[in-house]
1. With Arg92, Arg46, Arg51 as the choices, which residue is within 20 Å of Ala8 (Cβ to Cβ) and open to solvent by less than 60 Å² (accessible area, probe 1.4 Å)?
2. Any idea which residue in the stretch 54-66 is surrounded by the most Cβ atoms within 10 Å (Cβ to Cβ), counting only those that are of a type in the set (Val, Ile, Thr) and touching a residue at least 24 places away in the same chain (Cβ under 8 Å)?
3. Give the number of residues within the stretch 68-89 that are part of a strand (DSSP E or B) and open to solvent by less than 60 Å² (accessible area, probe 1.4 Å).
4. Considering only residues of the stretch 9-26 that are touching a helix residue (DSSP H, G or I) at 6+ places or on another chain (Cβ under 8 Å) and closer than 16 Å to Ile75 by Cβ, which is least open to solvent (accessible area, probe 1.4 Å)?
5. Kindly list, by first and then second residue, each pair from a residue in the stretch 1-25 that is touching a residue at least 60 places away in the same chain (Cβ under 8 Å) to a residue that is charged (D, E, K, R) and surrounded by fewer than 16 Cβ atoms within 10 Å (Cβ to Cβ), limited to pairs with Cβ atoms under 9 Å and residues at least 6 apart or on different chains.
6. Within the stretch 1-35, track down each residue that is assigned to a loop (DSSP other than H, G, I, E, B), of a type in the set (A, V, I, L, M, F, W, C) and at pLDDT 95 or above.
7. For the stretch 49-67, which positions are of a type in the set (D, E, K, R), closer than 14 Å to Val35 by Cβ and in a strand (DSSP E or B)?
8. For the condition free of Cβ contacts under 8 Å to residues at least 40 places away in the same chain, out of contact with any His (no Cβ under 7 Å at 6 or more places or on another chain) and over 15 Å from Asn4 (Cα atoms), what is the one hit in Arg32, Arg69, Arg51?
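The values are calculated or read from the model by the stated rules, or taken from the named source; none is laboratory data. Everything numeric here is computed off the predicted structure, so don't read it as measured data. Cβ placement follows ideal geometry from the backbone for every residue including glycine, while neighbour counts extend to all protein chains displayed. Areas reflect the complete protein model, heavy atoms only, side chains present, ligands, DNA and RNA absent. Shrake-Rupley method; radii C 1.70, N 1.55, O 1.52, S 1.80 Å.
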Amino acid sequence: REVNERIAELNQTFEVEGRSEFLCECGHESCREPVSISLAEYEDIRLSPTRFFVLPGHEDDAIEKVVSRTEHYVIVEKVGAAAEEADELDPRS
């Protein structure tokens, strides 16, 4: 998430329009796959510290529920202890 926060900052600084490549926010430590998302979409997801975007197939039903699906990514919300941890580690709080 911290890398994506930096990408968002750079997009704002350079007034990037359209879609950008962010990193999948799934829980797989080795995942570095890009997700095409606009800054507005990113900011909408970031309104909740427990919501993340992941590539289709990267969802983890044990710790998150699917909120919605788009052509490019899936929005998930952490639940239980994972939600508490996400809230505590949120770089915006």
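1. So the residue among Arg92, Arg46, Arg51 that is within 20 Å of Ala8 (Cβ to Cβ) and open to solvent by less than 60 Å² (accessible area, probe 1.4 Å) is Arg46.
2. Step one: of the stretch 54-66, the residues of a type in the set (Val, Ile, Thr) are 54, 63, 66.
Filter once more, keeping what is touching a residue at least 24 places away in the same chain (Cβ under 8 Å): 54, 63.
Working: Val54: 22, Ile63: 17.
Within the stretch 54-66, the match that is surrounded by the most Cβ atoms within 10 Å (Cβ to Cβ) is Val54.
3. Of the residues in the stretch 68-89, 6 are part of a strand (DSSP E or B) and open to solvent by less than 60 Å² (accessible area, probe 1.4 Å).
4. The selected residue is Phe22.
5. Arg1/Asp90; Glu5/Arg92
6. First pass over the stretch 1-35, keeping only residues assigned to a loop (DSSP other than H, G, I, E, B): 1, 14-18, 24-33.
Okay, now just the ones that are also of a type in the set (A, V, I, L, M, F, W, C), so 14, 16, 24, 26, 31.
Within the stretch 1-35, Cys24, Cys26, Cys31 qualify.
7. Applying the first criterion (of a type in the set (D, E, K, R)) to the stretch 49-67 yields 51, 59-61, 64-65.
With the extra rule that they be closer than 14 Å to Val35 by Cβ, the set shrinks to 51, 59.
Once the filter is applied, which keeps residues that are of a type in the set (D, E, K, R), closer than 14 Å to Val35 by Cβ and in a strand (DSSP E or B), the stretch 49-67 yields only Arg51.
8. Arg69
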